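Worksheet: one structure, shown below.
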Amino acid sequence: MTRRLLALALALTMALALAACGGNSGNTAGSDTDANTGANTAENSGTSDSSDSGSAIQGVEDGVLTVGMECTYAPYNWTQTDDSNGAVPISNNPGSYANGYDVMIAQRICDEYGWELEVMALEWGGLTAGLQSGTIDVAIAGQSMTAERMAEVDMAGPYYYATIVCVTTADSPNASAASIQDLTGACTAQSGTIWYDTCLPQIEGAEIQSPADTAPAMVMALQSGTVDFICTDLPTASAAAAKNDDLVILNFEGTDGDFQFATEEERAENVNIGMSVVKGNTSLLDALNSYLSTMTADDFNALMDEAIAVQPEI
């Protein structure tokens with residue numbers, strides 16, 4: 001009898017032990033599931049937080065915003081030899097630094113979102129290709145928000161409103177022009193711009209020369225006497241005139257003698273300056289637009305004046 005009781009007690013003890021082990025196993029599995037769910041929830045929550053070092057923003061998951069620009073298009077952007085006045089290194093041009101309006105506003109955006117700013121120097125015609133290849137996240141390069149350009153990329157902005165002007169020399173008959181139709185002689189503008197493609201053809205009898213590859217080349221053509229006048233935007237003209245007293249800016253804005261567009265919407269397309277992102281990158285587009293919505297035209301103009309003031313001799 002005693003042996004039977006002892007056997008029953010031993011069997012009961014083993015059963016309880018097995019049940020306890022089984023219970024612990026189930027609880028552990030439940031804890032793992034809860035922990036994973038919590039981690040996933042936290043991860044998903046972080047992903048939806050746009051302030052999380054860009055983790056939710058396509059292209060800046062690493063917290064770095066790579067910006068493409070020519071670095072030769074003052075006052076929007078230029079190259080200098082040091083980091084003075086807030087210039088940043090050009091990643092694909094060691095020892096050189098980029099500065100200008102585009103760099104200044106890009107830095108403000110990066111400061112707002114906690115991103116690191118990286119600048120890459122690309123040719124004007126290679127900016128869209130740079131976006132499509134993923135070489136850059138955004139082109140901030142003084143680009144007009146034209147329908148043609150926006151068929152290839154999405155654009156945030158405007159981040160500047162650019163009046164279209166002409167520039168001539170003080171000793172030129174064109175210096176007294178009161179209308180675009182008073183302009184005579186040879187002229188040019190930068191390639192791939194509305195100035196060359198849309199504006200210059202409106203000047204009757206204009207001797208349109210081959211387009212200049214860059215803005216500095218366009219200004220040099222005027223200074224060297226290769227052309228009698230050029231067409232550009234007011235910031236580019238102002239930056240050039242600030243470094244050369246012999247240049248005269250011809251601004252016909254608001255008159256019948258100004259460049260004409262079919263509608264005000266078309267005019268806006270050609271004077272509004274925007275930032276390009278690859279088609280479909282709505283997360284970055286929205287982030288850029290969100291920041292730009294906090295700035296006014298006066299803010300843009302003040303920042304442009306600052307850029308022109310610190311522009312070095314190029």
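The values are calculated or read from the model by the stated rules, or taken from the named source; none is laboratory data. Computed from a prediction, not measured in an experiment: that's the story for all the values here. Note: ideal-geometry Cβ built from the backbone for every residue, glycine included; neighbour counts use all protein chains shown. Each accessible area value is taken on the protein alone, full model and side chains, heavy atoms only, with ligands, DNA and RNA left out. Shrake-Rupley method; radii C 1.70, N 1.55, O 1.52, S 1.80 Å.
Can you give the Rg to Rh ratio of the stretch 122-211, both from alpha-carbon atoms, with Rh computed by the Kirkwood formula?
Details: Rg = 16.1 Å, Rh = 15.3 Å.
Ratio value, two decimals: 1.05.
With distances taken between every two different alpha-carbon atoms, the stretch 254-313 has a Kirkwood hydrodynamic radius of 14.6 Å. Peptide packing for 141-147, 238-244 was compared via the average number of neighbouring C-beta atoms within 10 Å per residue; ordered from the highest value, the list is 141-147, 238-244. Model label points for Thr135 and Ala302, set 7 angstrom from Cα along the Cα-to-Cβ axis, are 3.6 nm apart. When the P(r) is computed for the stretch 50-148, the part past 24 Å accounts for 18% of the Cα-Cα pairs. Compactness of the stretch 108-152 is given as radius of gyration and Dmax, 11.9, 33 Å, from Cα positions. Surface exposure of the stretch 125-258, expressed per residue as accessible area with a 1.4 Å probe, stands at 40 Å².
Scattering from the stretch 168-278 was approximated by placing one identical point on each alpha carbon and applying the Debye formula without solvent; log10 I(q)/I(0) at 0.16 1/Å stands at -0.71.
If you stretched the chain out fully between Thr226 and Ala147, how much longer would it get, using 0.36 nm times the residue separation minus the C-alpha to C-alpha distance? Write out the running numbers ahead of the final one.
On the way: separation 79, 0.36 × 79 = 28.44 nm, distance 3.19 nm.
Once the chain is fully extended between Thr226 and Ala147, it gains 25.2 nm.
Using the Cβ-Cβ distance between Gln181 and Thr214 with R0 set to 35 Å, the FRET efficiency from 1/(1 + (r/R0)^6) comes to roughly 0.80.
Stretching the chain fully between Asp171 and Asp83 yields a gain of 27.9 nm (0.36 nm per residue, less the alpha carbon separation). Our note on the geometry: Cα centres of the stretch 235-269 and the stretch 141-181, 6 Å apart.
A simple spin-label model places pseudo-atoms 7 Å from Cα toward Cβ; at Glu207 and Glu313 they are separated by 3.2 nm.
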